[in-house]
Amino acid sequence: MAKIYFDNNATCLLDANIKQQMFALMDEPLNASSTHKNGRKARLIKEAARAKILASVNAKNCNLVFTATGTEANNLALNGLTDYQVFAGATEHPSVLKVWEDAKIINVDSNGLLNLEHLKELLQQHKGNCLVSVMYANNETGVIQNIKQVADIAHEYGAIVHSDAVQAYGKIAIDFAALGVDMLTVSAHKSGGPQGVGALIHKKSVPLKAIIRGGGQELNLRSGTENIVSIFGFGLLAEYLDKKIDAFREVAKLRDYLEQEILKVSRDSVVFGSNVQRLPNTTYVTMKDVSREAILMNFDLLDIAISAGSACSSGTTKLSHVLIAMGAANNVAESAVRISLAPGNSYDEADQFVKEWRSMYLRTSNKAA
Ligand code: PLP
């Protein structure tokens, strides 16, 4: 593992306590479709986890479909409805934006917040069934959308509302009932739970159809043998979610400190989304006139892990669609890197990071004088 790991929005270190309990479960073969004792045990584990996750987001009367990833859950939400026109925010994750080529894109403002007037305009123009998909919190900037307002508007036009809460789950409190959404994607691995599992929570009234067909294991909406050990780990995360959210609340202080120190060093840095509500752990910041590849490489050589935005587009030269949608100039977007913290990170690490940021900032040609 990197000496300093500041890429927790890509994936977080698995909590030691969850890992230990998952390990213990790996001693047994567990298939929830089997009729024998082990199968019954697997089913009990799965149902207990389902109940805990639903309770953790106040969605007790809803269905929850376990999937392998957040990506799959988003695909189920968007592809599981037939004859619906999709409306998606411009800054959505590719696992939403790439599902429907003809999705109508809802603009965002310079803070990354959805343009609600544009949403209304788009919905007014469409006559048939509509599905509005707007993420809870952005993976690059951490910007949190006002999902309740989005849901209220969308419902006025009879639309179904989906929110991708992959980045929000475990970092901030989510209340499915209060938000008024119809479907919510959650995942465990962005806040200390295991990889290999995601979930789509939906109101029972949503006319969803399976996109992966076969044995019908998950409520006839998702076939394939379930990853019982990861589902168990997801349930553990859900059980302790309040504590996890408290820990992330503390992380906000560290993030604010880090940002403040970075801005003392490089006053010409831009921090995206800093005027609006953001996830407690995320900062998306520029080093003026330095390419993000150069910044990433510099920090990688120092064994400090950060990212150029979403994990999926790191390592490519494509500019962030999130920053472009927010109206950032190409040369500004070109120099932006994402730093995403977790409860295990320390002030000492933040200081080391800032020391290296300073060193790089000062030696880049434009500022040497
Ligand atoms: N949605 C958001 C906002 C994400 O950040 C990610 C992953 O980075 C996903 C969906 C996809 O989740 P997964 O990588 O678990 O498929």
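Here, each number is a calculation from the coordinates, and none is a lab measurement. Remember, predicted model here, so these are calculated numbers, not experimental data. A quick note on method: Cβ atoms are made from the backbone with ideal geometry, for glycine too, and the neighbour counts reach across all protein chains shown.
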For Ala336, which sequence-distant residues (separation of 5 or more, or a different chain) have an amide H within less than 5 Å of its own amide H, given hydrogens modelled in the peptide plane?
Arg292
Between helix 347-363 and the chain, what is the angle of the helix's C-alpha long axis to the longest principal axis, kept within 0 to 90° and rounded to the nearest 10?
50
Any idea what the relative contact order of the chain is, in percent, if you count C-alpha pairs under 8 Å spaced at least 6 apart?
23
On C-alpha positions alone, give me the angle between the axis of helix 116-125 and the longest principal axis of the chain, in degrees, nearest 10.
50
Can you compute the modelled spin-label distance between Met26 and Asp102, with each label point 7 Å from Cα toward Cβ, in nm?
4.7
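Please give the length that would be gained between Asn129 and Gln149 if that part of the chain were fully extended, namely 0.36 nm times their separation in residues minus their C-alpha to C-alpha distance (nm, one decimal).
The span from Asn129 to Gln149 would gain 5.2 nm if fully extended.
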Describe numerically, in nm with one decimal, the distance between label points set 7 Å from Cα along Cα→Cβ at Asp242 and at Met297.
5.0
Using only Cα atoms and rounding to the nearest 10 degrees, what angle (0 to 90) does helix 228-239 make with the longest principal axis of the chain?
70
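Please return the longest stretch of the chain lacking exposed loop sites, where trypsin sites (Lys or Arg not before Pro) count only if DSSP places them in a loop and at most 13 other Cβ atoms lie within 10 Å.
On the way: sites that count: Lys3, Lys60, Lys127, Lys204, Lys209, Arg213, Arg267, Lys318.
It works out to 128-203.
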³J(HN,Hα) across region 48-63 via Karplus (A = 6.51, B = -1.76, C = 1.60, θ = phi - 60°), whole Hz, x for Gly/Pro?
5, 5, 4, 5, 5, 5, 4, 5, 5, 10, 6, 10, 4, 8, 9, 8
Can you give me the long-range amide H partners of Gln85? Hydrogens built in the peptide plane at 1.01 Å from N, cutoff under 5 Å, separation of 5 or more residues or another chain.
Asn129, Cys130, Leu131
In nm, give the distance between the simple-model label positions of Arg249 and Lys41, each being 7 Å from the Cα along the Cα-to-Cβ direction.
3.8
Along the dipole axis of the chain (charges at Cβ: +1 for Lys and Arg, -1 for Asp and Glu; origin at the Cα centre), the most positive-end residue among Leu113, Thr283, Phe234 is Phe234
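My understanding is that a pair violates if its Cα-Cα distance is over 19 Å; which of Lys171/Lys209; Lys3/Lys288; Lys244/Lys264; Lys288/Lys355; Lys253/Lys288; Lys171/Lys253 do that in this structure? Mind dumping the intermediate values first?
Values: Lys171/Lys209 30 Å; Lys3/Lys288 26 Å; Lys244/Lys264 30 Å; Lys288/Lys355 17 Å; Lys253/Lys288 25 Å; Lys171/Lys253 14 Å.
Beyond 19 Å between Cα atoms: Lys171/Lys209; Lys3/Lys288; Lys244/Lys264; Lys253/Lys288.
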Could you list which residues have their amide H under 5 Å from that of Thr67, counting only those 5 or more apart in sequence or on another chain, with H placed in the peptide plane?
Gly198, Ala199, Leu200
